[in-house]
(Lines give C-alpha, C1' and ligand atoms only; values in the text may rest on other atoms or scores of the structure.)
Protein backbone atom coordinates (compact mmCIF):
# COMPACT_ATOMS: atom_id res chain seq x y z
CA UNK A 1 0.00 0.00 0.00
CA UNK A 2 1.34 3.42 -0.91
CA UNK A 3 2.28 5.85 1.83
CA UNK A 4 -0.29 8.39 0.58
CA UNK A 5 -3.09 5.83 0.72
CA UNK A 6 -2.01 4.71 4.17
CA UNK A 7 -1.86 8.33 5.40
CA UNK A 8 -5.28 9.01 3.89
CA UNK A 9 -6.79 5.99 5.62
CA UNK A 10 -5.34 7.05 8.97
CA UNK A 11 -6.81 10.54 8.57
CA UNK A 12 -10.14 9.78 6.87
CA UNK A 13 -11.44 6.43 8.12
CA UNK A 14 -12.01 7.58 11.73
CA UNK A 15 -14.52 10.14 10.37
CA UNK A 16 -16.48 7.76 8.15
CA UNK A 17 -19.43 7.58 10.57
CA UNK A 18 -19.66 11.37 10.78
CA UNK A 19 -19.50 11.62 6.99
CA UNK A 20 -22.26 9.06 6.60
CA UNK A 21 -24.41 10.71 9.28
CA UNK A 22 -24.18 14.09 7.53
CA UNK A 23 -24.91 12.54 4.13
CA UNK A 24 -27.84 10.64 5.62
CA UNK A 25 -29.35 13.85 6.96
CA UNK A 26 -28.94 15.51 3.58
CA UNK A 27 -30.15 12.68 1.36
CA UNK A 28 -32.66 11.17 3.79
CA UNK A 29 -31.92 7.81 2.20
CA UNK A 30 -29.37 5.13 3.14
CA UNK A 31 -28.37 4.15 -0.39
CA UNK A 32 -27.97 7.73 -1.57
CA UNK A 33 -26.00 8.61 1.58
CA UNK A 34 -23.64 5.70 0.90
CA UNK A 35 -23.18 6.91 -2.69
CA UNK A 36 -22.48 10.47 -1.57
CA UNK A 37 -19.96 9.34 1.06
CA UNK A 38 -18.23 7.04 -1.41
CA UNK A 39 -17.90 9.84 -3.95
CA UNK A 40 -16.80 12.27 -1.24
CA UNK A 41 -14.07 9.93 -0.04
CA UNK A 42 -12.87 9.43 -3.60
CA UNK A 43 -12.71 13.20 -4.01
CA UNK A 44 -10.91 13.53 -0.68
CA UNK A 45 -8.36 10.93 -1.74
CA UNK A 46 -7.80 12.67 -5.11
CA UNK A 47 -7.25 15.99 -3.31
CA UNK A 48 -5.47 14.64 -0.25
CA UNK A 49 -2.33 16.54 -1.22
CA UNK A 50 -4.32 19.71 -0.46
CA UNK A 51 -4.90 18.65 3.14
CA UNK A 52 -2.19 20.26 5.24
CA UNK A 53 -2.77 18.58 8.57
CA UNK A 54 -4.90 19.64 11.47
CA UNK A 55 -8.39 18.40 12.15
CA UNK A 56 -9.51 16.30 9.18
CA UNK A 57 -13.12 16.07 10.29
CA UNK A 58 -14.26 19.54 9.11
CA UNK A 59 -12.24 19.11 5.90
CA UNK A 60 -13.96 15.79 5.14
CA UNK A 61 -17.42 17.03 6.13
CA UNK A 62 -16.99 20.01 3.81
CA UNK A 63 -16.22 17.57 0.99
CA UNK A 64 -19.28 15.48 1.90
CA UNK A 65 -21.44 18.61 1.90
CA UNK A 66 -20.12 19.79 -1.46
CA UNK A 67 -20.48 16.29 -2.92
CA UNK A 68 -24.09 16.17 -1.74
CA UNK A 69 -24.94 19.48 -3.41
CA UNK A 70 -23.32 18.30 -6.65
CA UNK A 71 -25.21 15.00 -6.41
CA UNK A 72 -28.46 16.84 -5.64
CA UNK A 73 -28.11 19.13 -8.67
CA UNK A 74 -27.37 16.15 -10.91
CA UNK A 75 -30.24 14.04 -9.59
CA UNK A 76 -32.76 16.82 -8.88
CA UNK A 77 -34.44 14.84 -6.20
CA UNK A 78 -37.97 16.21 -6.03
CA UNK A 79 -39.13 14.44 -2.91
CA UNK A 80 -36.50 12.97 -0.65
CA UNK A 81 -37.40 9.97 1.44
CA UNK A 82 -37.33 10.37 5.17
CA UNK A 83 -37.12 6.85 6.55
CA UNK A 84 -34.72 7.38 9.42
CA UNK A 85 -33.52 4.52 11.54
CA UNK A 86 -34.61 4.71 15.15
CA UNK A 87 -31.20 3.68 16.43
CA UNK A 88 -29.66 6.92 15.17
CA UNK A 89 -31.85 9.00 17.44
CA UNK A 90 -33.03 6.71 20.17
CA UNK A 91 -31.02 6.01 23.26
CA UNK A 92 -31.69 2.48 24.39
CA UNK A 93 -31.86 1.44 27.97
CA UNK A 94 -32.76 -1.91 29.45
CA UNK A 95 -34.32 -0.29 32.50
CA UNK A 96 -36.99 1.70 30.61
CA UNK A 97 -40.49 0.38 30.86
CA UNK A 98 -42.68 -0.03 27.73
CA UNK A 99 -44.57 3.20 28.41
CA UNK A 100 -41.34 5.22 28.60
CA UNK A 101 -40.08 3.56 25.41
CA UNK A 102 -43.30 4.51 23.63
CA UNK A 103 -43.04 8.12 24.84
CA UNK A 104 -39.40 8.28 23.77
CA UNK A 105 -40.28 6.89 20.34
CA UNK A 106 -43.02 9.53 19.93
CA UNK A 107 -40.57 12.23 21.03
CA UNK A 108 -37.99 11.05 18.51
CA UNK A 109 -40.56 11.00 15.73
CA UNK A 110 -41.64 14.54 16.54
CA UNK A 111 -38.03 15.72 16.54
CA UNK A 112 -37.37 13.96 13.19
CA UNK A 113 -40.44 15.64 11.67
CA UNK A 114 -39.36 19.01 13.00
CA UNK A 115 -35.80 18.61 11.67
CA UNK A 116 -37.08 17.44 8.29
CA UNK A 117 -39.25 20.53 7.99
CA UNK A 118 -36.30 22.91 8.43
CA UNK A 119 -34.74 24.45 5.34
CA UNK A 120 -31.45 22.79 4.37
CA UNK A 121 -29.38 25.80 5.50
CA UNK A 122 -30.77 25.46 9.03
CA UNK A 123 -30.79 21.67 9.17
CA UNK A 124 -27.14 21.41 8.13
CA UNK A 125 -25.88 23.72 10.89
CA UNK A 126 -28.02 21.95 13.51
CA UNK A 127 -26.74 18.54 12.41
CA UNK A 128 -23.12 19.70 12.31
CA UNK A 129 -23.36 21.37 15.73
CA UNK A 130 -25.61 19.08 17.72
CA UNK A 131 -25.04 15.66 16.19
CA UNK A 132 -21.48 15.99 14.87
CA UNK A 133 -20.44 18.36 17.70
CA UNK A 134 -18.41 20.69 15.49
CA UNK A 135 -17.39 24.09 16.80
CA UNK A 136 -18.83 27.25 15.26
CA UNK A 137 -15.52 27.82 13.50
CA UNK A 138 -15.50 24.29 12.08
CA UNK A 139 -19.08 24.68 10.86
CA UNK A 140 -18.13 27.99 9.23
CA UNK A 141 -15.28 26.22 7.44
CA UNK A 142 -17.50 23.35 6.30
CA UNK A 143 -20.39 25.51 5.09
CA UNK A 144 -18.13 28.36 3.92
CA UNK A 145 -19.96 31.11 5.78
CA UNK A 146 -18.83 33.53 8.51
CA UNK A 147 -18.96 32.38 12.14
CA UNK A 148 -21.57 35.05 12.88
CA UNK A 149 -23.82 33.58 10.20
CA UNK A 150 -23.37 30.13 11.76
CA UNK A 151 -24.49 31.50 15.12
CA UNK A 152 -27.43 33.31 13.54
CA UNK A 153 -28.56 30.23 11.60
CA UNK A 154 -28.28 28.06 14.69
CA UNK A 155 -30.36 30.50 16.72
CA UNK A 156 -32.99 30.72 13.98
CA UNK A 157 -32.98 26.94 13.48
CA UNK A 158 -33.44 26.31 17.20
CA UNK A 159 -36.21 28.89 17.33
CA UNK A 160 -37.99 27.24 14.40
CA UNK A 161 -37.60 23.81 15.96
CA UNK A 162 -39.12 25.09 19.20
CA UNK A 163 -42.00 26.63 17.27
CA UNK A 164 -42.63 23.47 15.22
CA UNK A 165 -42.52 21.25 18.30
CA UNK A 166 -44.72 23.64 20.25
CA UNK A 167 -47.26 23.63 17.42
CA UNK A 168 -47.19 19.82 17.34
CA UNK A 169 -47.70 19.67 21.10
CA UNK A 170 -50.61 22.10 20.88
CA UNK A 171 -52.18 19.87 18.24
CA UNK A 172 -51.65 16.94 20.62
CA UNK A 173 -49.28 14.87 18.44
CA UNK A 174 -46.94 13.84 21.24
CA UNK A 175 -45.10 15.06 24.27
CA UNK A 176 -41.44 15.82 24.02
CA UNK A 177 -39.44 15.13 27.12
CA UNK A 178 -36.58 17.54 27.67
CA UNK A 179 -34.17 14.68 28.27
CA UNK A 180 -34.89 13.33 24.81
CA UNK A 181 -34.05 16.42 22.82
CA UNK A 182 -30.54 16.13 21.46
CA UNK A 183 -30.46 19.61 19.95
CA UNK A 184 -30.17 21.72 23.07
CA UNK A 185 -33.65 23.16 22.62
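Given the criteria surrounded by fewer than 20 Cβ atoms within 10 Å (Cβ to Cβ) and out of contact with any strand residue (DSSP E or B) (no Cβ under 6 Å at 6 or more places or on another chain), does residue 22 qualify? Show your work before the answer.
Working: surrounded by fewer than 20 Cβ atoms within 10 Å (Cβ to Cβ): no; out of contact with any strand residue (DSSP E or B) (no Cβ under 6 Å at 6 or more places or on another chain): yes.
Answer is no for this residue.
Please verify whether the stretch 7-14 includes one or more residues that are crowded, with 19+ Cβ neighbours inside 10 Å, at pLDDT below 90 and in a helix (DSSP H, G or I). No; the residues of the stretch 7-14 include none that is crowded, with 19+ Cβ neighbours inside 10 Å, at pLDDT below 90 and in a helix (DSSP H, G or I).
If the condition is being within 12 Å of residue 68 (Cα to Cα) and part of a helix (DSSP H, G or I), then the stretch 22-36 contributes 22, 23, 24, 25, 26, 27, 32, 33, 34, 35, 36. Of the helices (runs of 4 or more DSSP H) contained entirely in the stretch 37-134, those carrying at least 1 residues that are modelled with pLDDT under 85 and surrounded by fewer than 16 Cβ atoms within 10 Å (Cβ to Cβ) fall at 56-75, 86-89, 98-117.
The values are calculated or read from the model by the stated rules, or taken from the named source; none is laboratory data. In this text the structure is predicted, and so the values were computed from the model without any measurement. Here Cβ is always computed from backbone atoms with ideal geometry, including for glycine, and neighbour counts include all displayed protein chains.
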